[in-house]
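Here's the structure, in structure tokens; my notes come after.
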Amino acid sequence: MISIEGVGKTFGRFTALEDITFEIADGRICGLVGYNGAGKTTLLKMIAGIYRPESGRITIDGIPVYENEGIKRRLFMAQDDPFFLPQGSLRSMALFFSGFYPNWSQKTFKDLVDFFELDPDARISGFSKGMQRQAALILAFATMPKYLLMDESFDGLDLSKRNQLKSIMFEYMKKHGTNIVISSHNLRELEGLCDFIAIIRDKRLSFAETVDEMRKRRTKYRIAFPRNDGAERLEAIAARNITRDGDGFIFTWDGGEGELRKMLESSSPLWIASEPMTLEEIFLDEMEDKEYDIATFF
């Protein structure tokens with residue numbers, strides 16, 4: 001289990017994160033979500049033991065992470081800007097990492113090199129961005145980590161390679177029970193992949209919960225009233241994101257359908273239908289009335 005308790009981080013006078021607290025249970029794929037610059041990478045680097053928190057603490061299986069070599073040998077962070085040795089090839093990087101990670105799998109390394117069709121002896125610096133991303137992921141999985149941290153790992157990959165990466169992640173987690181934490185500013189990439197989501201907003205944790213819990217608390221409804229009106233009735237029950245949809249309305253609400261029908265009984269709605277919200281819709285709902293440039297999120 002990854003446990004983050006009251007964690008804060010500053011860089012000089014700049015405060016990157018404040019009072020972050022949540023836990024990621026074993027066997028989860030956690031999506032770490034926030035607008036660009038929200039502090040996702042900073043938090044991942046603290047989980048990896050690269051940065052020391054100014055306040056609070058981070059533990060893995062009850063053991064503090066920072067300056068703990070034993071934990072770091074069971075953890076790998078695939079960074080947004082991957083590290084490779086100068087003039088390094090995949091083969092030389094494999095030799096480098098195999099000396100540090102005791103569970104290194106040469107078979108996994110070879111299988112993934114063949115799968116992604118990369119030349120293991122070519123200089124990685126000559127690879128395209130997408131190929132460098134694939135090289136970093138090959139090395140990440142070959143270390144056979146118990147905890148895998150992935151920072152914007154879908155960036156630079158074409159659609160086919162993204163889908164292949166998702167399949168690899170599912171298969172690896174199924175076989176090894178690995179915790180995977182993946183940051184992304186693109187919620188469409190996390191849809192159907194993550195079962196736990198943590199959203200960072202204004203340097204703080206907005207919420208962290210399972211996708212099932214999120215969808216139970218936030219539901220999108222479609223409704224129609226006689227005489228094609230009803231916006232004021234929806235506002236009266238604290239409905240949000242009310243938009244007209246043909247002869248009715250679409251809105252979000254934090255209650256159950258039975259409670260909604262009871263509250264609107266006197267208005268005699270013609271029909272009410274509910275549908276689950278996508279991760280993108282939930283995120284936008286969280287950001288409602290905030291002065292953010294929504295276009296930068298996706």
222 nm mean residue ellipticity, helices alone, for the chain (DSSP H n ≥ 4; -39,500 (n - 2.57); rounded to 500): -9000 deg cm²/dmol
Which labelled figure in (1) 0.93; (2) 1.17; (3) 1.02 is Cα Rg over 2.2 N^0.38 Å, once derived from the coordinates: (2)
Cross-link table LYS40/LYS174; LYS9/LYS40; LYS72/LYS110, entries beyond 19 Å C-alpha to C-alpha: LYS40/LYS174; LYS72/LYS110
Leading residue at positive end of dipole, segment 154-291 (Cβ point charges), from GLY255, ALA224, ILE200: ILE200
Extension gain from PHE97 to GLU281, taking 0.36 nm per residue of separation minus the Cα-Cα distance: 62.2 nm
GNM result for the chain, Cα springs below 10 Å: residue of GLU257, GLU232, GLU171 fluctuating most strongly: GLU232
Segment PHE14-GLU213, extension gain: residue separation times 0.36 nm, minus the distance between their alpha carbons: 68.3 nm
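ARG204 to ALA238: FRET efficiency via 1/(1 + (r/R0)^6), r the Cβ-Cβ distance, R0 30 Å, to the nearest 0.05? Provide the component values of the computation, followed by the final result.
Working: r = 23 Å, r/R0 = 0.78.
That pair, ARG204 with ALA238, gives E of 0.80.
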Relative contact order [Cα under 8 Å, 6+ residues apart], the chain, whole percent: 20 percent
DSSP bridge pairs, the chain: antiparallel proportion in percent, nearest 5: 65 percent
C-alpha center-to-center spacing [segment 82-114, segment 7-79] in angstrom: 24 Å
Spin-label model distance (nm) - ALA273 vs GLU23, 7 Å beyond Cα toward Cβ: 4.1 nm
For the chain, built as a Gaussian network whose Cα springs stay under 10 Å, the top-fluctuating residue of MET77, MET150, MET263: MET263
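On full extension of the chain, what length is gained from HIS176 through ALA231, given 0.36 nm per residue of separation minus the C-alpha to C-alpha distance? Don't skip to the answer; put the middle values down first.
Values: separation 55, 0.36 × 55 = 19.80 nm, distance 5.09 nm.
Taking HIS176 through ALA231 to full extension adds about 14.7 nm, to one decimal.
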Mean-position separation - Cα centroids, segment 118-157 and segment 233-270, in angstrom: 47 Å
Charged-residue dipole, Cβ positions (Lys, Arg, Asp, Glu), the chain about Cα centre, Debye nearest 20: 840 debye
Expected-Rg normalisation [2.2 N^0.38 Å, Cα atoms] applied to segment 113-209: 1.16
Highest-MSF residue in the chain out of PHE11, PHE170, PHE207 [GNM, Cα springs under 10 Å]: PHE11
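Computed from the coordinates by the stated procedures, all read-outs in this text should not be read as laboratory data. The structure presented is a predicted model; accordingly, all values stated were derived computationally and were not measured. Methodologically, a virtual Cβ is constructed for each residue, glycine included, from the backbone with ideal geometry; neighbour enumeration extends over all protein chains shown.
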